[in-house]
1. Amide H of Val93: which non-local residues (sequence gap of 5 or more, or other chain) have their own amide H closer than 5 Å, using H built in the peptide plane?
2. Using 0.36 nm times the number of residues separating Arg150 and Arg69, minus their current alpha carbon distance, what extension gain do you get?
3. Set Lys and Arg Cβ to +1 and Asp and Glu Cβ to -1, take the dipole of the range 4-176 about its Cα centre, and tell me which of Leu40, Phe55, Pro147 lies farthest positive.
4. At a Förster radius of 35 Å, what calculated FRET efficiency corresponds to the Cβ-Cβ distance of Leu12 and Thr83, to the nearest 0.05?
5. Report the paramagnetic label zone for Arg119: residues of the range 59-101 whose backbone N is under 15 Å from a point 7 Å from Cα along the Cα-to-Cβ axis.
6. At a Förster radius of 25 Å, what calculated FRET efficiency corresponds to the Cβ-Cβ distance of Asp41 and Asp96, to the nearest 0.05?
7. Divide, for the chain, the radius of gyration over alpha carbons by 2.2 N^0.38 Å, where N is the residue count.
Amino acid sequence: MRSLIVSSLVSLDGVHGDPQSWIGDLFDEQAVEESLATLLDCDAMLMGRNTYDYFAPNWSTASGPYLERINEMPKYVFSSTLTRADWNNTTVVPGDPAAAVRELKEQGDGHLMIYGYGRLAQTLLEDGLVDRLNFVVNPVMAGSGTPLFRPGKRTDLRLVSATERRNGAITLSYAKA
């Protein structure tokens with residue numbers, strides 16, 4: 001069975017939204033290498049409509065091993081309003097995301113990846129479908145933006161690992177308790 005991994009960039013003041021506006025040089029060569037290594041173990045990417053709208057225009061024509069991997073892998077967009085996706089290898093999934101993710105977890109050999117910690121990731125965590133939750137806490141105060149946490153159901157987690165990058169970012173990996 002596939003595992004579902006959620007990976008999110010976070011600022012020290014708890015902002016995860018629009019990381020391109022605050023991550024700057026912190027997403028360095030080491031970050032790209034680590035992200036690519038994780039992606040190579042994944043065979044599909046999941047995202048909500050907002051993430052799709054954010055990623056597709058910028059990443060669909062980009063080059064380099066990391067972005068080429070994203071472009072070649074199947075992508076599933078969970079949306080009740082999007083009817084078609086122009087980004088290659090992208091399927092729009094309407095309806096209940098939890099039911100669809102349960103089915104996707106039964107297929108394939110690699111992991112499933114979600115970037116960001118938006119509504120889709122939070123909903124799937126609350127439904128018990130997230131196997132690994134990675135927060136990359138970066139040494140920057142964003143000052144404003146979408147906060148990481150929203151009110152929701154309590155979910156107990158256990159720390160699997162904590163690693164520091166050369167640039168001072170800390171990756172905290174959690175699994176279901």
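1. Excluding prolines and chain starts, which carry no amide H, the hits are Val77, Phe78, Ser79.
2. On the way: separation 81, 0.36 × 81 = 29.16 nm, distance 3.10 nm.
Once the chain is fully extended between Arg150 and Arg69, it gains 26.1 nm.
3. Pro147
4. Details: r = 39 Å, r/R0 = 1.12.
Taking R0 as 35 Å, the efficiency between Leu12 and Thr83 is 0.35.
5. Residues 77-83, 93-98 qualify, since their backbone N sits under 15 Å from the label point.
6. Values: r = 27 Å, r/R0 = 1.07.
So, using R0 = 25 Å, E works out to roughly 0.40.
7. Numbers: Rg = 15.4 Å, N = 177, 2.2 N^0.38 = 15.7 Å.
Here the Cα radius of gyration is 0.98 times the empirical estimate.
The numbers here are math on the coordinates, done by the rules we state, and not lab data. Everything numeric in this text was worked out from a predicted model, so none of it was measured. Neighbour counts run over all protein chains shown; Cβ positions are idealised from the backbone, glycine included.
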